[in-house]
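Structure first, commentary second.
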Amino acid sequence: MMEKKTFHPADYVVFAAMLVISACIGVFHAVSGGKQSTTREFLMANRQMASLPVALSVLASFFSASTLLGTPAEIYQYGTQYWMSVFGAMMAPLTGALLFGPMFFNLKIVSVFEYLEIRFHSKSVRLFGATLFLLRATLGMGIVLYGPSTALSAVTNFPVWAIILMVGGVCTFYTTLGGMKAVIWTDVFQTIVMLAGMIAVLIQGSSQIGGMNEVWRIAYDNHRIEFFNFDPNPQVRHTFWSLIIGIYFVWLPPYTVDQQMVQRFSSAKSLKDAKFALLCNVPGMFILITLCSLVGVVLYANYATCDPLKNKDIANANQLLPYFVMEIFADLPGLAGLFVACIFSGALSSVSSMLNSLAAVTWEDFLKPRMSTVDETTATRITKALAVVFGCLGVGMAFVVEQMGGTVLQASLTFNGAIGAPLVGVFILGACFTRANWIGALVGGTIGFVFPIWLGIGKYVRHPQDFKLATSVTNCSIENQTWATTFPNSTFRSQSTLPPATITSPESVTFNTSSLVPTELTGLDKLYGVSYLWFSAIGILTVVVIGLLVSWITGKGEDEVDDNLQLHFWKRLYGVISSRSDRKSGENNEIEDDNKSQNSYTRVEDITTSL
């Protein structure tokens, strides 16, 4: 095992500076302006934020350390297929900016789940949606706290538990003091740090190999470059269809009905500013996903002949990028600290956003209706206390996530997709279908939640398939090599033309991704084998279909729903379709009447002739 490289004093200074600046932003907003003395200021930034900081805040919140660590690890282990997801993902902020966002902005609501009560006239539906969000955000905090903590542990002497406590504490501190303004402005700072850190890794990492042309050649020669896999089989982990359609539904919850997005969208000065903020996320997503994917290709090119996972230099795939950074920046003090600051910026921005939103939902949906006599000052203190409580819960959840396997990217996408799906489905029922009632929304939402979660747990427990590509340990030290192949015999059959006798070690065989086909799955493994990227789409479709069916069985919904509670685009589209259908029906009726008249005339003419 290679000697563990650790931080230079300059790296500690850079990393500490990032934490101190983030904390200072919180202190500044705690003592400036309205001093966070009202829930409107603490939760909504007084609805006076400009579009650019809101745009960067939304981007930073949804591109956590899970993305920064997980995407390069994903590309390293599975090839470049995931890169195609950028085109499906970019459609989500467009949907939020043009459809759902304006509807919520005009309603002037603090909690997005207030919409559900207004639309369905049911507190049960509202509390159902709010409970799902609390579950999703609490789990999400654990995932985004654990990822960077294990990364920093790989390059320093700090244990994972100490790092989780430190970062969770700093994040809770500035969120509680500075409210939404602190969250947004720290997100702006942290977005800049994230971009700087990933660009530094890309430049230095590619220069180690001889430039991006050489990086691409190595990846191509080893069959890591693949973009257009049009296989319609939903059990294939990543295909063109799952990465365009499936990933769109995965990103749909955060960019359309997520409390974090709605709070930021509604904190803008005007609807125009709010729309512009989300539209800015389209190029922002492209830049970040592309940057992280390129870093993954660089990562593979550097370790093409010595996989640090097989060589036991690191414990899991989440430590690949930090391990690589410590190697390439060994002679450049401060840059490794910049990278780790970049990773933690992703974590801080996501966790702070979740803390503020969790406090908002808990107060607005659960406590405020029962504490209507509480004055504004007390209400603000309660929301701040809630932020502290959820900060502690997030830290605890990080220790739970530590026991899970797989990359943080897949864990994040699986949980966000499965838990976010029923929320999107319920909002679609309310905003698009006037006949949907509260019973349909509740039953459909429940089934749409349980089904994808069941699939996710089944996939995690059974591991019906493994799509990792082969890696080599040819140039590693022999004493650390492990010949454990990445392809379980029960999952794949190799179509290699080499006879078994010539295969002397795993690294001596070159696998082509197109020559690996999944074996036939049986029983429940057929369901568990479905790609995790389809879980969100399955959940949303389940909610809508079951919701409409139950609404039809239990009685009609409302014939007229207030225009402010409907998606105007859908209403106009439905109106156009209905008018065309009516015109066609009218034309058919006219033709039928003409035919009847013609037939009557013919019969009269025949009778006259016969006479």
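The values are calculated or read from the model by the stated rules, or taken from the named source; none is laboratory data. For clarity, every value in this text was computed on a predicted model and none was experimentally measured. Using ideal geometry, Cβ is built from the backbone for each residue, glycine included, and neighbour counts are taken over all protein chains shown.
Out of T131, T150, T172, T176, one residue alone is farther than 28 Å from I382 by Cβ and of a type in the set (S, T, N, Q). It is T150. A residue that is within 17 Å of V112 (Cα to Cα), in contact with a Phe, Trp or Tyr (Cβ under 8 Å, 6 or more places away or on another chain) and modelled with pLDDT under 90 cannot be found anywhere in the stretch 393-411. Pairs linking a residue in the stretch 55-73 that is outside the structural domain of A89 (by TED's automatic domain parsing) to a residue that is part of a helix (DSSP H, G or I), with Cβ atoms under 7 Å and 6 or more positions apart or on different chains, do not occur.
Okay, residues lined up against (1) farther than 15 Å from T175 by Cβ; (2) at pLDDT below 90; (3) in the same structural domain as I203 (by TED's automatic domain parsing); (4) crowded, with 24+ Cβ neighbours inside 10 Å:
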site: Y323; (1), (2), (3), (4): yes, yes, yes, no
site: L332; (1), (2), (3), (4): yes, yes, yes, no
site: I343; (1), (2), (3), (4): yes, yes, yes, yes
site: G346; (1), (2), (3), (4): yes, yes, yes, yes
site: S350; (1), (2), (3), (4): no, yes, yes, yes
site: A360; (1), (2), (3), (4): no, no, yes, yes
site: K368; (1), (2), (3), (4): yes, no, yes, no
site: T378; (1), (2), (3), (4): yes, no, yes, no
site: K384; (1), (2), (3), (4): no, no, yes, no
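Between V31, V86, the distinction of being of a type in the set (A, V, I, L, M, F, W, C), under 30 Å from G337 (Cβ atoms) and touching a residue at least 24 places away in the same chain (Cβ under 8 Å) belongs to V86 only. When the stretch 459-480 is filtered for residues that are surrounded by 16 or more Cβ atoms within 10 Å (Cβ to Cβ) and modelled with pLDDT of 80 or more, the ones remaining, listed by number, are L469, A470, T471, S472, V473, C476.
For D221, indicate whether it is surrounded by fewer than 19 Cβ atoms within 10 Å (Cβ to Cβ), over 29 Å from G529 (Cβ atoms) and free of Cβ contacts under 8 Å to residues at least 40 places away in the same chain. When the stated conditions are applied, D221 passes them. The helices (runs of 4 or more DSSP H) falling completely within the stretch 216-286 that include 3 or more residues that are polar (S, T, N, Q) and under 26 Å from G140 (Cβ atoms) map to 259-267. The helices (runs of 4 or more DSSP H) found wholly in the stretch 1-91 and carrying at least 3 residues that are surrounded by fewer than 20 Cβ atoms within 10 Å (Cβ to Cβ) and of a type in the set (G, A, S) occupy 9-31. Total residues in the stretch 293-342 satisfying the condition of being closer than 27 Å to F227 by Cα, among the polar types (S, T, N, Q) and part of a loop (DSSP other than H, G, I, E, B): the figure is 2.
Conditions (1) within 22 Å of Q48 (Cα to Cα); (2) buried (at least 21 other Cβ atoms within 10 Å of the Cβ); (3) not assigned by TED's automatic domain parsing to the domain that holds Q319, marked per residue:
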| site | (1), (2), (3) |
| --- | --- |
| P93 | yes, yes, no |
| G101 | yes, yes, no |
| S111 | yes, yes, no |
| F120 | no, yes, no |
| T150 | no, yes, no |
| I163 | no, yes, no |
| G169 | no, no, no |
| M180 | yes, yes, no |
